[in-house]
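The structure under discussion appears below in the form of structure tokens.
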Amino acid sequence: MSAPSAPPPDIDRAFLRLAEGLVHYRHAGDPAAPGLPLYMAHAGPGSSLGLARLAGELARTRRVIAPDMLGNGDSDPPATAEGDIAYYADCAVRILDALGIAKVDFYGSHTGAMIGVELARSHPDRVGKLILDGVMLLDAADRTRMLARYAPPKRPDDHGGQFAWAYQFCRDMVLFYPYFDRDAAHRTGNGVPSPEALHPFVVDLLKALTTYHCAYRAAFSYDMAQALAASRHAMLLVCSAGDPTHGDLPKACALRPDADAELFRASASVAAIAARLAAFLG
């Protein structure tokens, strides 16, 4: 009978300062571990909290850094509400500079995946391998539609309407894709998320209520298909079968036929996912 595995390393939290203000980040693992550190970029509209369990597993063998994007989680707002994906990639460069890190492997989920591709394009010497989780490929018409409807700017109101809106937004993102098309044709097949899963997601969104939409607008303005086809870094394309974007995985593979790829079962454990990612990173 094999002995139980040791628990993953503790995840610590810290802040660093950019010109825009404070950036909150989670970090774990031994800074002296062999191999490149791993930079992890979360999806909107949450924070690095959503990556914490995966980051802990991956930190068994390497240093892991997972910032909250500007305008999300506990990080300060971006310099402009109209920043593009290149702006968020530049933020990643400045975060690495502030931490004294010359080069990283990069994991990005959804919007984070776009930031990773753009970072590798604009600063190829700062990126080793790319792991893109939940690649979203939209044509020009879909991007226009998403810009118009997906992430409306929000402010608190006298009736506390933002609280009900945030709950419904986070819940419906799991049930429909896109969430605003609430009909049978757009059901994801997922069940209603548990209160324990939904609560921290809603709280993260409320923290960033007036700025959550900024990174979304950058994402929906970015031609990910073109950027992916032009990319040259070693790449692993992954997605969960429970992710609403999993139908784009074959399209992403067609754009980068040389990339490794993996579609995880919706029930796949965090440890199993981390093992696959770690094997790719080496």
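What to note about this one:
- Helices (runs of 4 or more DSSP H) contained in segment 193-276 and holding at least 3 residues touching a Gly at 6+ places or on another chain (Cβ under 7 Å): 195-207, 212-220
- Residue, farthest from VAL135 (Cα to Cα), within segment 224-275, restricted to residues that are in contact (Cβ under 8 Å) with a residue 40 or more places away in the chain and charged (D, E, K, R): ARG232
- Qualifying positions in segment 102-120 - over 18 Å from the mean Cα position of the chain (by Cα) and under 20 Å from PHE280 (Cβ atoms): LYS103
- Contact map, segment 146-157: residues that are part of a helix (DSSP H, G or I) paired with residues that are of a type outside the set (Phe, Trp, Tyr), Cβ distance under 7 Å, separation 6+ or inter-chain. Pairs shown: MET146/LEU138; MET146/PRO178; LEU147/ARG217; LEU147/SER221.
- Selection count, segment 128-166, where residues are among the hydrophobic types (A, V, I, L, M, F, W, C) and over 22 Å from GLY112 (Cβ atoms): 6
- The requirement of being assigned to a loop (DSSP other than H, G, I, E, B), touching a Ser or Thr at 6+ places or on another chain (Cβ under 7 Å) and over 24 Å from LYS251 (Cβ atoms) is not satisfied by ARG182.
- Segment 66-84, residues that are crowded, with 24+ Cβ neighbours inside 10 Å and touching a helix residue (DSSP H, G or I) at 6+ places or on another chain (Cβ under 8 Å): ALA66, PRO67, ASP68, MET69, LEU70, GLY71, ASN72, GLY73
- Some residue of segment 32-43 being touching a helix residue (DSSP H, G or I) at 6+ places or on another chain (Cβ under 7 Å), buried (at least 22 other Cβ atoms within 10 Å of the Cβ) and of a type in the set (Gly, Ala, Ser): yes
Bear in mind that the values in this text are calculations on the coordinates, not laboratory data. Just so we're clear, the structure is a prediction, and the values are computed from it rather than from any experiment. Using ideal geometry, Cβ is built from the backbone for each residue, glycine included, and neighbour counts are taken over all protein chains shown.
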